[in-house]
Amino acid sequence: MREYKLVVLGSGGVGKSALTVQFVQNIFVDKYDPTIEDSYRKQTEIDGQQCLLEILDTAGTEQFTAMRDLYMKNGQGFILVYSITAMATFNDLNDIHEQILRVKDAETVPMVLVGNKCDLEDDRIVEKEQGDAKAKEWSCTFMECSAKTRYNIDEIFDDVVGQINLSEPAPKTKKKGGCALL
Amino acid sequence: MAERTAAVRGRSRSGSLVGGGQKIPIALRVKTLTEPRLLINIRAIQKTLQAEDEDKARRLQREQTELRNLKEELTNSIKQNYILERDNKEIDSRIGLLIQNRVTVQEVIAQTQRMASSASEVSDAALPQAKRELYSSLFYLLQREPNYLGILPKVVKLSQTPAFIQAVAFTLFGDQYSAREELLLLSVFRRALQEEFNESTSMGSLLRGNSAVTKMIREYTRRDPGQAYLEKTLSGVLEAFVASDPESFEINPAKVAKKLINEEEVATGVKSTLAEVPEAERSKDPRVVAVIEPRIQMIMAQCEVFMKQVLSSLEDMPYGIRWLAKQIAIMTQERFPEASRKARATMIGGFVYLRFINPAIVTPDADSYKLVKNKLTAKVRRNLVLVAKVLQNLSNFILFGDKEAYMLPLNAFIEQYTEPLTQFFENLTDVPELEEYLKLDHQFVDVASNQTPTITISLNEIYLIHALLADNMAEVAGDLDDPIRDIMAKLGEAPPQVKNSQNEAVVLSLVPPQGLSYTDTLDENAAASNLYDETKQAVQELLTRLDSHAIPFSIHHTLETLIEAAHESLLRAPDAKLEALVTTIEDKLSALEAEGVLSRNDSHSRMLEDISRETENRASFEESLAKDRAKIERTLERVRSHHQFLLSQLESYNQYLQNVRSQPSDAAGKSKSKKKKKKDKAGATVGPFKVSHDKLLKDGVIAESFVPDARRKKTVLVFSSDEPGVIVCAAYFHGFPVDRYQFELEDLLERQENDERVIRLEYVVLDLNIFLHTINKMFGF
């Protein structure tokens with residue numbers, strides 16, 4: 001079974017943990033509980049293949065940013081999350097994106113830009129078009145989602161895994177059950 | 001403090017006035033009843049003073065001066081480091097652009113050179129005199145009235161935040177050892193915090209994101225006292241932890257199992273049976289459990305080590321941080337009166353623990369902390385992360401849940417320490433008010449407080465603050481008579497931000513606006529306290545010079561009776577020096593009375609009391625002087641070594657850039673197609689490229705056009721470049737040149753970084769991003 005290392009990044013309070021926990025455990029947590037670093041594993045079927053996702057949920061609190069370099073080195077796919085109710089969280093992603101490219105020393109990296117909390121339409125500050133434009137600029141995928149309603153949650157992970165498969169096809173393996181994308 | 005004493009004095013006076021009429025030290029006598037400690041023994045004072053030879057007095061004087069100089073040096077070094085750090089960050093991000101092929105190595109190098117030079121450049125001609133004076137008054141007001149600046153953090157845009165913080169925390173209130181600036185900076189924070197609280201709807205969201213306020217507070221906690229606290233509290237235990245090189249604390253069953261399988265298979269050459277166990281059941285496998293259980297104990301033991309350090313660090317916690325914690329507690333109480341004790345403590349924990357202590361535990365090797373000498377190994381870091389996760393949940397008083405089930409056993413530790421930590425957070429907030437505290441602490445001495453204060457500030461900082469104020473005048477100064485409105489009106493519109501290359505630093509003296517009688521006591525206090533010190537010194541000299549027989553024995557001496565004794569002594573034996581001294585004292589005393597510092601009603605009792613106390617404490621004064629000095633020297637050493645580190649970082653950036661330059665095909669020219677164009681750049685003109693107005697409009701380069709419809713068809717723009725990064729655009733109508741613009745790529749990128757979307761020219765508005773795309777394509781930048 002192929003393993004995928006995914007990293008969830010973004011400012012404090014945008015719902016990185018909520019989104020991850022919703023995906024992995026089908027629960028919505030809305031408690032104030034800043035993360036330092038949580039890791040999850042989930043086995044799932046994507047593109048007809050069984051995959052094992054190892055998801056690293058990271059600290060949004062800026063004081064912990066010194067740890068980002070490491071996550072970025074180890075991660076294969078990145079989920080960049082902002083909250084559609086706070087422009088600052090959207091802008092904060094520029095630095096993160098730039099850092100990923102630098103650490104990876106590449107022009108594109110498997111990545112999904114995610115506007116969370118889209119259930120809070122009344123409080124919307126970041127327009128969908130802005131997310132779209134940013135994703136075009138970065139040549140990555142863009143989705144809005146809601147960790148609360150589980151809207152688009154699976155799609156995010158499907159997409160980033162799909163991107164990893166395209167960018168680094170699974171090594172040819174003689175073992176049975178290996179990803180046969182090649 | 002002074003106010004309270006005065007109040008007590010006033011009350012006692014009216015309550016127990018005895019004997020009136022004659023010239024007796026009423027207040028002093030009343031005070032001796034309530035505070036017998038202050039019985040003044042002039043003989044004893046004289047003895048001490050006279051026993052001191054002049055050398056010693058001079059030495060003390062010299063030491064005080066040296067201490068003051070050290071503090072000044074410290075403040076300057078800290079500012080320098082901040083600027084250097086910011087420059088390094090900037091170069092770092094430029095290198096990022098370089099890697100993405102968005103700028104050339106030459107451009108980055110040019111910028112680097114400008115930075116190094118701009119750090120020391122101070123120009124007097126950058127601002128015209130009239131504007132300069134207005135800004136002097138503006139910043140004078142801003143520096144002394146925290147309400148103006150306190151409103152700005154909530155309106156400042158993200159891209160402006162670093163500049164704003166630099167301006168506030170380092171330029172305006174950069175003197176970390178000045179009581180005055182500390183007081184004002186903290187007041188700005190209080191106001192800014194208040195704004196966040198006012199706008200918050202739930203406690204959960206409060207101070208949670210990364211706003212300008214939280215960034216400002218971060219800068220504050222990272223100033224020197226905060227760093228000193230972290231070193232004292234955590235360095236020792238962290239170094240010990242790293243040195244002991246404990247085995248892995250990993251308790252994530254998936255990871256533990258994987259490691260077991262690998263080890264087993266490598267050792268035996270046979271497939272592990274654990275590999276057959278489904279993932280979900282591995283956490284219950286006895287082989288995994290046997291590994292995890294002792295590790296849980298190890299994590300708890302290490303948590304305990306850190307927690308004990310933290311819980312016993314109350315007295316070391318910098319005053320400013322405690323005071324901010326207190327403000328947060330007060331505001332929480334006001335805004336959310338129904339919040340539980342624990343919930344209030346959580347708010348304090350979210351600030352002191354989450355943002356200050358815990359990051360240092362997880363990344364003690366980060367350049368900004370350097371609490372341990374060497375970089376951490378991955379294993380040690382993961383161990384610290386596991387420990388920090390427990391402490392983090394503890395500080396939030398949240399038990400681990402199903403999120404990561406393997407953390408559940410650690411709830412025992414959280415439960416055990418919940419009450420002690422709640423208590424600690426509450427104790428943190430038990431600090432005196434600002435004004436009171438800053439007067440008492442030796443750390444804060446106003447350096448050269450009788451001079452006009454000056455700030456060294458960059459043009460862009462001035463313009464940024466100007467623009468922020470102008471855009472938010474209604475909130476900054478609701479009152480139409482507010483003096484700041486007059487200055488802002490005279491200043492007019494805020495000039496736009498200038499390019500880095502033109503962003504000079506200027507020195508502004510802070511002077512009150514003309515014709516404004518601003519009744520703020522801060523400056524006057526500073527001046528008066530200098531006068532007070534001078535007078536005190538003169539009185540001490542008088543006591544040293546006066547023969548002890550010249551002063552009649554009495555426990556009721558006042559300055560008046562002393563001066564009288566001096567006059568009598570002068571009658572008996574004229575002494576020009578003594579006479580001059582007496583005159584000086586009398587003059588200064590009148591001045592102090594005029595200032596309201598001393599009062600004849602209580603026979604200037606405060607000064608004699610002070611002298612008495614100081615003489616008594618001569619030994620401890622010397623000691624505290626030495627202690628202060630040692631503290632500052634330690635700090636200075638740390639600041640200097642950080643400076644060295646920053647310089648070496650800068651050096652390695654430069655090295656990198658030089659390397660890239662010498663092998664252009666390698667790092668900078670990553671994308672193959674760039675190579676040929678790189679060569680063009682080194683050479684002469686690229687272009688010209690002719691593009692019609694309508695094509696540019698169609699492609700979206702021109703977002704809006706004011707060229708009359710009839711003329712558009714015949715309008716052509718010609719782009720060319722004969723210098724890397726510089727593009728000339730000439731507009732032709734019917735083949736006749738009508739307009740000409742020059743663009744610099746770097747300037748365009750800077751605008752882009754600053755969230756600008758368009759460039760406005762006389763006849764057209766260009767869409768910045770599409771324009772960049774187009775010129776990138778044309779010139780291969």
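The values are calculated or read from the model by the stated rules, or taken from the named source; none is laboratory data. These numbers were taken from a predicted model, which means no experiment stands behind them. Here the Cβ positions follow ideal geometry from the backbone for every residue, glycine too, while neighbour counts run over all protein chains shown.
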For A:Lys16, work out the one condition from (1) over 17 Å from B:Leu354 (Cβ atoms); (2) in contact (Cβ under 8 Å) with a residue 12 or more places away in the chain it doesn't fulfil.
(1)
Considering only residues that are surrounded by 14 or more Cβ atoms within 10 Å (Cβ to Cβ) and on the phi > 0 side of the Ramachandran plot, which ones fall in the range A:91-143?
A:Lys117
Residues B:Leu324, B:Leu371: which one is in a loop (DSSP other than H, G, I, E, B) and in contact with a helix residue (DSSP H, G or I) (Cβ under 8 Å, 6 or more places away or on another chain)?
B:Leu371
What do you reckon, is B:Glu264 part of a helix (DSSP H, G or I), over 29 Å from B:Ala240 (Cα atoms) and without any contact (Cβ under 8 Å) to a residue 40 or more places away in the chain?
yes
Between B:Ile91, B:Ile78, B:Ile109, which is over 28 Å from the mean Cα position of the chain (by Cα), assigned to a helix (DSSP H, G or I), at pLDDT 70 or above and surrounded by 13 or more Cβ atoms within 10 Å (Cβ to Cβ)?
B:Ile109
Consider B:Asn769 against the criteria (1) surrounded by fewer than 16 Cβ atoms within 10 Å (Cβ to Cβ); (2) of a type outside the set (A, V, I, L, M, F, W, C); (3) within 20 Å of B:Lys499 (Cβ to Cβ): it satisfies all of them except one. Which criterion is unmet?
(1)
Every residue from the range B:490-499 that is touching a residue at least 12 places away in the same chain (Cβ under 8 Å) and either crowded, with 17+ Cβ neighbours inside 10 Å or within 21 Å of B:Arg760 (Cβ to Cβ) (or both)
B:Leu491, B:Glu493, B:Ala494, B:Pro495, B:Pro496, B:Gln497, B:Val498, B:Lys499
Hits in the range A:19-47 - residues which are free of Cβ contacts under 8 Å to residues at least 40 places away in the same chain and of a type in the set (Ser, Thr, Tyr):
A:Thr20, A:Tyr32, A:Thr35, A:Ser39, A:Tyr40
With charged (D, E, K, R), closer than 23 Å to B:Ile91 by Cα and either touching a residue at least 40 places away in the same chain (Cβ under 8 Å) or within 14 Å of chain B (Cβ to nearest Cβ) (or both) as the only criterion, which of A:Lys117, A:Lys136, A:Lys104 stands out?
A:Lys104
Is there a residue being crowded, with 19+ Cβ neighbours inside 10 Å and touching a Pro at 6+ places or on another chain (Cβ under 7 Å) anywhere in the range B:707-727?
yes
Report yes if A:Ala86 is over 16 Å from A:Ser17 (Cα atoms), crowded, with 20+ Cβ neighbours inside 10 Å and within 11 Å of another protein chain (Cβ to nearest Cβ), otherwise no.
yes
Listed residues A:Asp30, A:Asp57, A:Asp95, A:Asp69; which is in a strand (DSSP E or B), charged (D, E, K, R) and within 12 Å of chain B (Cβ to nearest Cβ)?
A:Asp57
What are the residues in the range B:346-380 that are over 22 Å from B:Glu239 (Cα atoms) and either acidic (Asp, Glu) or away from chain A (no Cβ under 13 Å) (or both), if any?
B:Ile348
Would you please name the residue that is modelled with the highest pLDDT, looking only at residues in the range B:571-588 that are farther than 19 Å from B:Ile42 by Cα and of a type in the set (A, V, I, L, M, F, W, C)?
B:Ala580
Only residues in the range B:467-480 that are surrounded by 14 or more Cβ atoms within 10 Å (Cβ to Cβ) count as the first member; pair them with residues that are hydroxyl-bearing (Ser, Thr, Tyr), Cβ under 6 angstrom, at least 6 apart or cross-chain, and list the lot.
B:Val476/B:Tyr148
Reported set for the range B:126-158 where residues are outside any helix (DSSP H, G or I) and within 14 Å of another protein chain (Cβ to nearest Cβ) is B:Val155, B:Val156, B:Lys157
Of the residues in the range B:623-649, those that are loosely packed, with under 12 Cβ neighbours inside 10 Å and among the basic types (Lys, Arg) come to none
Just the residues that are facing chain B (nearest Cβ under 10 Å), within 14 Å of the chain's Cα centre (by Cα) and either surrounded by fewer than 16 Cβ atoms within 10 Å (Cβ to Cβ) or of a type outside the set (A, V, I, L, M, F, W, C) (or both), please, taken from the range A:14-27.
A:Ser17, A:Thr20
What number of residues within the range B:331-345 are touching a residue at least 40 places away in the same chain (Cβ under 8 Å) and more than 14 Å from every other protein chain (Cβ to nearest Cβ)?
4
Unique residue being within 14 Å of another protein chain (Cβ to nearest Cβ), part of a helix (DSSP H, G or I) and crowded, with 20+ Cβ neighbours inside 10 Å when the list is B:Thr214, B:Thr233:
B:Thr214
Looking at (1) at the interface with chain B (Cβ under 10 Å from one of its Cβ atoms); (2) modelled with pLDDT under 90, find the lone condition where A:Ile46 falls short.
(1)
Of residues in the range B:381-431 being surrounded by fewer than 16 Cβ atoms within 10 Å (Cβ to Cβ) and part of a loop (DSSP other than H, G, I, E, B), the one nearest to the other protein chains (Cβ to nearest Cβ):
B:Asp402
Residue in the range B:650-669 that is modelled with pLDDT of 80 or more, surrounded by 13 or more Cβ atoms within 10 Å (Cβ to Cβ) and part of a loop (DSSP other than H, G, I, E, B) present
no
Quick test of your reading of the structure: B:Glu293 fulfils all but one of (1) modelled with pLDDT of 90 or more; (2) not in a helix (DSSP H, G or I). Name the failing condition by number.
(2)
Can you tell me which condition B:Pro253 does not meet? The list is (1) surrounded by fewer than 12 Cβ atoms within 10 Å (Cβ to Cβ); (2) touching a residue at least 40 places away in the same chain (Cβ under 8 Å); (3) within 13 Å of chain A (Cβ to nearest Cβ), and all the others hold.
(1)
Pairs with Cβ under 9 Å, 6+ apart, first in the range B:683-694 and at negative phi and acidic (Asp, Glu), second modelled with pLDDT of 75 or more and surrounded by fewer than 17 Cβ atoms within 10 Å (Cβ to Cβ):
B:Asp694/B:Arg712; B:Asp694/B:Lys713
